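Below is the structure I would like to discuss, written out as structure tokens.
The values are calculated or read from the model by the stated rules, or taken from the named source; none is laboratory data. Note that the structure is predicted; figures quoted are calculated from it, not measured. Ideal geometry is used to build each Cβ from the backbone, glycine not excepted, and the neighbour counts take in all protein chains shown. We work out accessible area using only protein heavy atoms, side chains counted, and drop any ligands, DNA or RNA first. Shrake-Rupley method; radii C 1.70, N 1.55, O 1.52, S 1.80 Å.
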Amino acid sequence: IEKTTASLKPLLLIAVDKKYTGKVETQIIQIDVIEDKTAGNLTLSSQWVLASFEGDSNPVSKNTYITINQDLNSITGNGGCNTIIGTVKVSGDTIEFSKMISTQMACDNLNQENRFNGLLYIANRYKINGGQLFLYQNDKLLMTLESYR
């Protein structure tokens, strides 16, 4: 399945019959939109599965995910082996993960889990585009997650 994205941009088209002459005047009206943390029907409060780490072409385990609750104040998830819980603070396009704890089961390969958890701690900005959540540290992309929907 090929993923695509789309965006909407306002357009004003005026068709005037040739029988009318004179000057056509337009008025620009600004409409303020209240942010609801959504991209289409996709909200930040969803389950997000790790798709990739920036700059790393190695495949990632799809059992690494976070679920952000509807109140946008806590998360649960799995680093690939261990369960994760913590808090999240969202304001505009800024995001902060904190007070994260996880179980401590021994697993064969904890590299992905350790990297995932470490990047969550330093992420401070996010963007939703299509079915993807991009986590950044300032302007540096850290990782991409995909909606579970």
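Roughly how many nanometres apart are two label points built 7 Å out from the Cα toward the Cβ at Ser74 and Ser61?
Between Ser74 and Ser61, the simple spin-label model gives 2.5 nm.
How much accessible area per residue does region 48-119 have, counting only protein heavy atoms and a probe of 1.4 Å, in square angstrom?
Accessible surface, normalised per residue, equals 56 Å².
In region 48-77, whose amide N lies under 20 Å from the spot 7 Å out along Cα-to-Cβ of Lys99? List them in ranges.
66-77
Rounded to the nearest 10 Å², what accessible area does Asp56 show when all protein chains are kept and the probe is 1.4 Å?
The accessible area comes out at roughly 50 Å².
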